[in-house]
Each structure stands twice: as C-alpha cells, then as structure tokens.
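Visitor: Sharing a structure below in structure tokens format, with a few things to ask.
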Amino acid sequence: MWARSVTPQSQNRDSSPITGSFDRGAAVTVLICAAVALAGCSRSDTAAPANQQASQPTSEVKVALSEAGCEPQPASVPAGPVRFMITNSGASHVTEVELLRDGKIVGEKEGVKPGSSGDLVLRLDGGGAYSVHCAGGAKNDWPLTVTGGAGQPGAGPANATLAAATQGYHDYVVAEVDQLVTSTKQFTDAVRAGDMDKAKQLYPGARVHYESIEPVAESFGDLDPQIDARIDDVDNPADWTGFHRIEKALWQDKTLNGMGPLADKLDADIATLKSKVATETYQPAQLGNGAGELLNEVSTTKITGEEDRYSHTDLWDLAANVDGARKCFELLKPALAAKDPALVQQLETRFADVTDRLSKYRQGDGYVDYSTVAQDQRRELANAVNALAEPMSHVAGRVV
Ligand SMILES: [Cu+2]
C-alpha cells in the first residue's frame with residue numbers, strides 16, 4: 001500500500017514501528033447481507049425506497065489542528081453518523097488525525113496541510129470512549145465520548161442496498177486475495193529457485209491483486225507493512241520484509257542470495273491475510289473513505305515513482321489502485337444514485353478519464369517502464385487522479 005505514518009503514542013500497539021493495528025470492525029456497524037431478505041441483496045436493487053429509511057442525523061465534530069494538538073468540539077456525540085470537520089490554520093507539524101478506539105484506528109484523515117481542511121465521515125455505533133489522535137502536537141490524544149450505541153434506536157444498519165454493497169466488497173476482497181495467493185506463489189517459487197529473470201517478469205503481476213484491495217489495506221493491520229512496506233517505512237532495514245525487499249534484491253542488488261526466507265515469509269503473510277479477510281466486514285463509509293484516501297495517495301506520493309523505485313513497474317500498481325477504487329464506487333453506486341446522481345455522473349467521467357490516460361501507457365500485458373514517463377506526463381496523470389479523488393472524497397458522506 002502507500003507508506004503509512006507512525007502513530008507512536010498509542011498504547012495497545014504492537015511492536016511494529018510502521019503501523020498500528022487497524023480494526024474498524026470493532027467500532028462500526030457490521031452490515032451483513034444475510035440479515036436482509038435475499039431479494040434485497042441484489043446489486044441491481046434500486047435504492048430509492050430503501051434509502052429513505054437511512055436518514056439519521058449526522059453529528060458534527062470540529063477538529064482544529066494546531067500546535068496544541070487536535071481537540072474535538074464537542075467532545076461527546078451520540079452514536080450514529082459523525083462528520084469530523086478537520087481544519088488546519090497553520091500547524092505544519094500536525095497534518096493528520098486518527099480516530100482510535102482501544103488503540104485501534106477507526107478512521108483517519110491524512111495530508112491536512114496548513115490552510116487546508118477536510119472531512120472524515122464515519123458511522124460510530126459502538127458507544128464508549130474514543131480518542132482523537134494526532135502526532136506532532138503538544139498533546140496528541142484527546143478524548144471523545146460516543147453515547148448510546150449498537151442496539152440503540154436509529155443506530156442499526158442503514159439499508160439493504162448498502163448492505164449489499166459491503167457484502168459485495170467482502171466477496172471482492174476474498175476473491176482478489178485468492179488470486180494473490182496464487183500469483184505470489186509463482187513469484188516466490190521463482191525467487192526460491194534463484195531464477196532472477198522469471199522473478200522479475202512475475203513481480204508486477206503478482207502485486208496487482210494486493211494493490212487492488214488497498215482501499216482497505218489499513219484493516220489488515222501489521223500485515224500491510226510486512227507485505228508492502230518501502231525501505232523508508234522501517235526503522236531498521238534488517239526488519240524490512242515483503243514485495244519491495246525482494247524487488248530491491250532483484251533490480252538493485254542483482255542477487256537473490258538470502259531471499260528464500262523472505263519469499264517464505266511473504267507467502268505466510270499472504271496466507272494469514274487470506275484467513276483475515278475471510279471474516280472481515282466493511283462499512284459503506286469505509287469504502288468511500290478508503291478509495292478517496294488511496295487516490296489522494298496515488299496523486300501525491302505514488303505518482304513520484306516511490307513505490308516501485310527499483311523495478312519502475314509503478315503503472316501496474318497505479319492502475320490496480322484505480323481499479324480497486326472503482327470497485328468501491330461501483331458497489332456503492334446504487335445507493336449513491338438515489339442520493340446524488342450528479343456525483344455519480346462526475347465520478348463516471350473522471351474514472352473514464354483516468355483509465356483512458358493510463359491506457360496510453362499499456363505495453364504487452366502490462367505497462368511501460370515508469371522511468372520513461374516524463375515529468376510533465378506524470379503531472380498530467382497526477383492531475384487527472386486528483387480530479388477523481390475530489391468527488392470520491394464526498395462519497396462517504398452520502399452513504400454513512
Ligand atoms: Cu502498495
């Protein structure tokens with residue numbers, strides 16, 4: 001996935017220096033298709049009648065990032081949809097905020113630079129003590145209380161159309177990870193056999209089934225950095241594992257010596273991921289937030305070529321990220337169409353634009369070497385992805 005920032009102050013974090021565990025499921029509504037009539041699970045179900053029952057007022061919490069920290073106002077909200085309105089009036093060290101419960105990330109907003117603002121919309125149905133966390137300020141953790149909770153009037157799953165979307169997304173992730181197991185095994189077999197050429201050839205295609213599910217990579221907890229961290233994400237290079245460690249061996253070190261155990265570990269981590277996603281559930285806002293944040297990351301960070309800096313296979317990843325974000329959109333579309341058809345239209349247009357631009361770089365069954373893509377071409381791509389990320393950032397607020 002993209003590089004994650006550190007949240008060192010939270011307790012209950014495990015020892016990994018590069019990420020905290022991330023479990024939205026602990027705090028948010030679990031939407032399961034089985035709970036509704038089978039007919040209601042059909043994706044082609046039109047959303048109009050179902051949506052009207054979803055209206056529950058969205059609470060608003062202002063979070064002003066400052067050198068002092070990130071105090072939420074008010075510090076208590078009823079369970080249900082919550083819009084965090086995050087502003088930064090000039091705190092250069094405090095640019096992101098996370099909502100934590102029991103040390104786990106429930107939602108986050110990154111890249112809120114001085115002078116900018118952003119919203120994070122979530123459904124908080126598990127009442128109790130939360131913490132608004134921001135690294136870099138004088139005080140990093142601010143309490144937020146959610147009153148009421150699951151089982152309270154109005155706190156239930158929004159509607160059948162959205163339940164179908166989250167169930168569909170669960171199925172999609174499971175299917176992608178199944179393919180990831182196979183594609184990675186072919187790659188790691190080549191690594192174990194010391195076959196550099198074959199491993200290089202298989203590397204980008206093995207990864208696409210991971211990049212496609214990156215909108216929810218933070219729900220994978222520590223598996224995400226273990227599978228996909230860059231060298232700058234780890235404190236100690238000796239602890240660095242995953243695809244990019246082997247990528248460096250292949251393209252920069254030009255030797256697979258010592259890579260056998262790393263190939264084994266990559267297979268093992270992906271096997272663990274497979275069992276994790278089998279039971280993972282998602283909430284509609286999480287798909288919107290995750291896709292929006294991922295597209296932001298693509299347009300600001302990944303566009304520089306940092307992800308596949310040794311192999312320059314970045315365009316495979318970017319295309320898979322866009323495909324994964326599109327999947328989130330497609331699944332939410334029936335519900336969105338009932339609430340905001342103009343937003344649907346805008347997203348259709350912008351997705352088509354990005355896909356069209358990416359297709360110009362196709363070569364064989366993949367993409368051209370990213371080092372051959374000039375700065376102004378990269379800037380054009382970044383602008384198109386950024387223009388897509390903007391409407392995507394409004395999706396969560398429509399489906400919460
Ligand atoms: Cu990645």
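FYI, it's all coordinate maths here, none of it is from the lab. Everything numeric here is computed off the predicted structure, so don't read it as measured data. We place every Cβ from the backbone using ideal geometry, glycine too, and count neighbours over all the protein chains shown.
Visitor: Once Rh for the range 105-246 is found with the Kirkwood sum over Cα pairs, what is the Stokes-Einstein diffusion coefficient at 37 °C and 0.692 mPa s, in µm²/s?
Guide: Result for D is 173 µm²/s.
Visitor: If you don't mind, there's one more thing I want to ask. Please report, in whole Å³, the volume per residue of the convex hull around the C-alpha atoms of the range 55-156.
Guide: 80
Visitor: A further question on this structure: Which entries in the list Lys198/Lys360; Lys198/Lys248; Lys198/Lys254; Lys109/Lys339; Lys198/Lys302 go over 18 Å, if you measure between the two C-alpha atoms of each?
Guide: Flagged as over cut-off: Lys198/Lys360; Lys109/Lys339; Lys198/Lys302.
Visitor: Further, regarding this structure: Report the one residue of Pro78, Gln56, Asn88 whose Cα lies farthest in the direction of the positive end of the charge dipole of the range 55-156 (charges on C-beta: Lys and Arg +1, Asp and Glu -1; origin at the Cα centre).
Guide: Toward the positive end, the furthest listed residue is Gln56.
Visitor: Would you please put 229-240, 292-303, 64-75 in order of how densely packed they are, using the mean number of other Cβ atoms within 10 angstrom per residue and starting with the highest?
Guide: Ranking, from highest mean packing down: 292-303, 64-75, 229-240.
Visitor: Hey, any idea what the orientation-averaged projected area of the convex hull of the range 161-399's Cα atoms comes to, in nm²?
Guide: That works out to 12.2 nm².
Visitor: Another question about this same structure. Hey, can you rank 309-321, 208-220 by average C-beta count inside 10 Å, highest first?
Guide: Result, highest mean first: 208-220, 309-321.
Visitor: So what's the net charge close to Ala291: Lys and Arg +1, Asp and Glu -1, counting the other residues with Cβ under 10 Å from its Cβ?
Guide: 0
Visitor: Take each of the peptides 360-368, 277-285, average the number of other beta-carbon atoms within 10 Å over its residues, and list them starting from the highest.
Guide: Going by the mean number of other Cβ atoms within 10 Å, highest first, we get 277-285, 360-368.
Visitor: Just report the Cα centroid separation between the range 335-400 and the range 241-255, whole Å.
Guide: 30
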